[in-house]
Amino acid sequence: MVSSSLVALAAAVLRLPDRPERVLEVGCGDAERVLFLAREFPTARVRGVDPSEEVIRRAVSRVGLDPEGRVAFKRGRARSLPYPGDFFDLAVQAGGRLHPGQIARVLRPGGHLILVGEWRWLGWRLGGHRFDLVESGEAGAERFRLFRLDATEPAPE
């Protein structure tokens, strides 16, 4: 059975204006959404980050041999993402605590953020980080929101 978060992610991905080259999932869990993103964007490098070493081990074992290095996982926390600034074209998060400053830091200007599920105080959390809502909707009994990072100013630290 396909999870409702995966259905909502698929609906959000259909609304992206262009295909990303580098994708990050924050809180990747068992890698289900990372693997979907890798299939959906066959030329993209897809990364998953999760704070649990055990979860990362399970995710790596699900991927198996990846000679091209397109899919990879790192242990890390959403409040301090272990990637350089302006590195990703797309970031995805489906739960956990949202740290919009970190996502804005690792997204390139004009990059997109997809949030799946219910998020409290979303406008307040994203307000100071230059994210503009592109579209929101519901699919598979889950909500999704697609944002674009404003390309005019550098992200606050």
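Candidates Leu90, Ala104, Pro51 compared by Cα position along the dipole of the chain: farthest toward the positive end lies Pro51, with charges placed on Cβ. What residues from the stretch 78-95 fall in the zone where the backbone N is under 19 Å from a label point 7 Å along the Cα-to-C-beta line of Trp121? Hits in the stretch 78-95 for Trp121 at 19 Å: 78-80, 94-95. Annotation: per residue accessible area for the stretch 81-157 equals 49 Å², rounded to a whole number [probe 1.4 Å, protein chains only]. Taken along its principal axes, the alpha carbon cloud of the chain reaches lengths of 40, 34, 28 Å, longest axis first. Of the whole protein surface, Asp30 contributes about 80 Å² of accessible area at a 1.4 Å probe radius. Solvent-accessible area of Ser52, all protein chains in place: 40 Å² (probe radius 1.4 Å, heavy atoms, ligands and nucleic acids excluded).
Name the most mobile residue of Gly140, Gly64, Gly128, meaning the one with the largest mean-square fluctuation, in a Gaussian network model of the chain with Cα contacts below 10 Å. Most flexible of the set in this elastic network: Gly64. Tell me, what is the FRET efficiency for Glu53 and Asp86 to the nearest 0.05, using R0 = 25 angstrom and their Cβ-Cβ distance as r? Efficiency, rounded to the nearest 0.05: 0.35.
When you filter the GluC sites (Glu not before Pro) in the stretch 23-132 for DSSP loop state and at most 14 other Cβ atoms inside 10 Å of their Cβ, you are left with Glu68, Glu118. Computed from phi, the 3J(HN,Hα) profile of the stretch 78-94 under the Karplus parametrisation 6.51, -1.76, 1.60 (θ = phi - 60°) reads 4, 7, 8, 5, x, 9, x, x, 6, 9, 10, 8, 9, 10, 10, 9, 10 Hz, with x in place of Gly and Pro. The alpha carbon gyration tensor of the stretch 45-88 gives principal lengths a ≥ b ≥ c with a/c of 1.5 or higher and a/b no greater than b/c, which makes the shape oblate. Val7 exposes around 60 Å² of accessible area when a 1.4 Å probe is run over every protein chain in place.
Taking amide hydrogens as placed 1.01 Å from N in the peptide plane, the amide H of Asp86 sits under 5 Å from those of Val106, Leu107, each at least 5 positions away in sequence or on another chain. Using +1 at the C-beta of Lys and Arg and -1 at the C-beta of Asp and Glu, which of Ala12, Val116, Cys28 has the Cα lying farthest in the positive direction of the dipole of the chain? Going by the charge dipole, the pick is Cys28. For the pair Arg75 and Asp132, label points projected 7 Å from Cα toward Cβ lie 4.0 nm apart.
The values are calculated or read from the model by the stated rules, or taken from the named source; none is laboratory data. Bear in mind the structure is a predicted one, so any value in this text is a computation, not a measurement. Cβ atoms come from the backbone with ideal geometry, glycine included; neighbour counts cover every protein chain shown. Note: areas computed on protein heavy atoms with side chains; ligands, DNA, RNA excluded. Shrake-Rupley method; radii C 1.70, N 1.55, O 1.52, S 1.80 Å.
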